1. Enumerate by residue number the chymotrypsin sites (Phe, Trp or Tyr not before Pro) in region 62-109 meeting two conditions: DSSP loop (anything except H, G, I, E, B), and at most 11 other Cβ atoms within 10 Å of the site's Cβ.
2. Using 7 Å Cα-to-Cβ label points, what is the Leu8/Leu49 separation (nm, one decimal)?
3. By per-residue mean of other Cβ atoms within 10 Å, what is the highest-first order of 49-62, 20-33?
4. Just to confirm the number: angle between the C-alpha axis of helix 53-74 and the first principal axis of the chain, 0 to 90 degrees, nearest 10?
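Coordinate-derived values only; no laboratory data. In this text, all values refer to a predicted model and were calculated from it rather than measured experimentally. Cβ sites come from the backbone with ideal geometry, for glycine too, and all protein chains shown count toward neighbours.
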Amino acid sequence: AESIVEILFERGAFDGSASAVVADVLRHMAPGMLAMLFSVITLRALFCLPASERAAAVMGVGFTCSYAIFSYFFLEDGIVGIATAYSISWIGFFAMLFCYVVWRSGQFGK
């Protein structure tokens, strides 16, 4: 991953250590990016259920608060800590959203 980042971002504007940091940040953000993609798809399913807007809003505020809290606790790790907080928050949001959609759709327990 580091060599790809060097080719894409370095081009004389940054040194090798900056490219290594960017590669490390992307490595820590990748699980969160995948969870964000799954969350967007699951939100589409959520909005197919009647009267789901309030639950989506509450979960969105919950995601924002969890990201702020995790960012505070991982702040000592610098930008990598912020990337870790991003991933943890999106994974938690997706898990909560997925469980809610399955529960509301009536498929849980069948």
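1. Numbers: sites: Phe63, Tyr67, Phe70, Tyr72, Phe73, Phe74, Tyr86, Trp90, Phe93, Phe94, Phe98, Tyr100, Trp103, Phe108; in loops: Phe108.
Here the sparse-neighbourhood loop sites are Phe108.
2. Calculated label separation equals 3.5 nm.
3. Numbers: 49-62: 12.4, 20-33: 16.8.
Put in order of decreasing packing, that is 20-33, 49-62.
4. 30
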